[in-house]
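*Asks:* Starting off with a structure, shown below.
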Amino acid sequence: MESWRGFLMAAAMGAVLAPVILARELPEWPPRWPDEEGPVLTDPSDSTPVSELQPVVSLNEPDKVPERDFAQLVSGLEEAAPAPLAPVPESTLAKESAAVVRPCPAACPDRWTIPQPRFLERLGIRVGGWLEQGITFNAQEPPDQFNGPVATNDLDHEYQMNQLWLYFDRPADNGGCGWAWGGHVDMMYGTDWRFGINNGLEDRINGLQTYGMVLPQFYLELAYNRLSVKMGHFAGILDYEAVPGPMNPFYSHSYSYGYTVPQLVTGMLFDYRLTPLLSFQAGFHRGWMQFEDNNDRLDFMGGVKWHSEDNRLSVAYAVSAGPQDDAANQDRFVYSLVVQWQMTERFKYVLVHNLGTENRAAPGGQDAEWYGLNQYFLYTINPCWSAGMRVEWLRDDDGVRIAGPGNIPGIRAWSGRGFAGNFYEITWGLNWRPNGNWLVRPEIRWDWYDGLAGPTGLPFDGGSSDSQLTFAVDAIFTF
């Protein structure tokens, strides 16, 4: 009964808020970022012919592999960041142009990129990155100086350099026919390393400090006709959010992405595009955040992705299954359903539903279960300003999923755990892009909890409160 009450509450909040936002008829968000032009929005007042606008997915040439957009290039996380929708018809742009006032340029032509080494250019490898830094203020000023289970801006009243990121990328582009090879390498230094510790990798690189280095991805990619395969260390394919900061609509992360799905895995993943609208993924990995396998048992990871012919609706379903404990006795299964719907030319709605189970993981050797519903309401005010709201409910039936990195001995982070109950959060945020390099994201977030206290007390205010209000802002400089 508790779970259904939480589910209905989250769904009701979305149903009430959606008509209010729909009535505003605001543009799509996040924007499309072409590889070479910097962050560019499809602005209704722009006079560029539709034929010159570059769609991310070509419906007319299904055998041709399109060039990567910015979100894909900076991280190689195509699965974690579903492709934006195709450009709207020219007639629609003309009709809307009179109703939109543009206070800033439709494009950001002054985007700066770091000089590309000649020897890497000859190999088809591109270098880039970003610096993400921010600060969060907790209205309760918790005595432990942690913002509870909020990730990854978890430190209260303290500057965080979350990500200093450098990537090397070569796309495996075969034009839809024949062979091609590519690869991707990410290197990141910052406070976010505490949320990306892989067994046998980052725990060997770093000591027990607040700042450290992470290698989010390093993999080889081969393509043959419509089939491609990744081999190495790469991002999981579940949920809507992603590890790289610029690819997310908010500074803070959702509970669903932070605690209920595998973020980084090591293994092999096949991707086959059956039709221009439908593709399948299947592969194996060593376990959640496992660079060195702790139990010599492989996990399965696979999924299916579909989008409509007009590219306004997309559905992605993915699963991961396998034992995570050292003895390989506790099989963990999780699925993620992500639905993206361009409801109008100006408003985008995203629904995320995750559910997971784990055998013999609950206290007393019982089976554990967790599930939730996460909704995004995303829109663009103009080419420089975007806004959004995230409404989330997560049920941790047995208190096995919400646990801070501070439970790892010596890691400076929140150490709460064992909360059997319902977690809720609402986040309101803005995105400001003053030019082609900078992105500033202020946000207000309200979290509350309905359930039993854990071994360390309640989730917020150092264990003494079931709710908290935070104000945060980060600034990202891409290069």
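*Asks:* For segment 395-477, what percent of Cα pairs sit more than 18 Å apart?
*Replies:* 54 percent
*Asks:* While we're here: Can you order the peptides 307-318, 127-138, 236-247 by their average number of other Cβ atoms within 10 Å per residue, highest first?
*Replies:* 236-247, 127-138, 307-318
*Asks:* Continuing with the same structure: Whole number in Å², please: accessible area per residue of segment 252-348, 1.4 Å probe, ligands, DNA and RNA not counted.
*Replies:* 39 Å²
*Asks:* Percent relative contact order of segment 263-340, based on C-alpha pairs within less than 8 angstrom and at least six residues apart?
*Replies:* Once divided by the residue count of segment 263-340, the mean separation gives 24 percent.
*Asks:* Calculate the spin-label point distance for ARG360 paired with ALA475, positioning each point 7 Å from the Cα along the beta-carbon direction, and give it in nanometres.
*Replies:* Here the modelled spin labels are 5.3 nm apart.
*Asks:* Taking a ≥ b ≥ c as the square roots of the Cα gyration tensor eigenvalues, with a/c under 1.5 meaning rounded and otherwise prolate when a/b beats b/c, else oblate, which class fits segment 195-238?
*Replies:* It is prolate, given that a/c is not under 1.5 and a/b is the larger ratio.
*Asks:* Tell me, what is the percent relative contact order of segment 302-425, built from C-alpha pairs under 8 Å that lie six or more residues apart?
*Replies:* About 15 percent, as a whole number.
*Asks:* Does segment 306-359 classify as rounded, prolate or oblate by the C-alpha gyration tensor (a ≥ b ≥ c root eigenvalues; a/c under 1.5 gives rounded; else a/b over b/c gives prolate, otherwise oblate)?
*Replies:* Prolate.
*Asks:* GLU158: accessible area at probe 1.4 Å, nearest 10 Å²?
*Replies:* Approximately 50 Å² for this residue.
*Asks:* Looking at the square roots a ≥ b ≥ c of the eigenvalues of the Cα gyration tensor of segment 350-444, which shape do they give, rounded for a/c under 1.5, prolate if a/b is larger than b/c, or oblate?
*Replies:* It is prolate, given that a/c is not under 1.5 and a/b is the larger ratio.
The values are calculated or read from the model by the stated rules, or taken from the named source; none is laboratory data. Since the model is a prediction, treat every value here as computed from it, not as a measurement. As a convention, Cβ positions derive from the backbone with ideal geometry for all residues, glycine included, and neighbour counts pool all protein chains shown. What goes into the accessible areas is simple: the full protein's heavy atoms, side chains included, and nothing from ligands, DNA or RNA. Shrake-Rupley method; radii C 1.70, N 1.55, O 1.52, S 1.80 Å.
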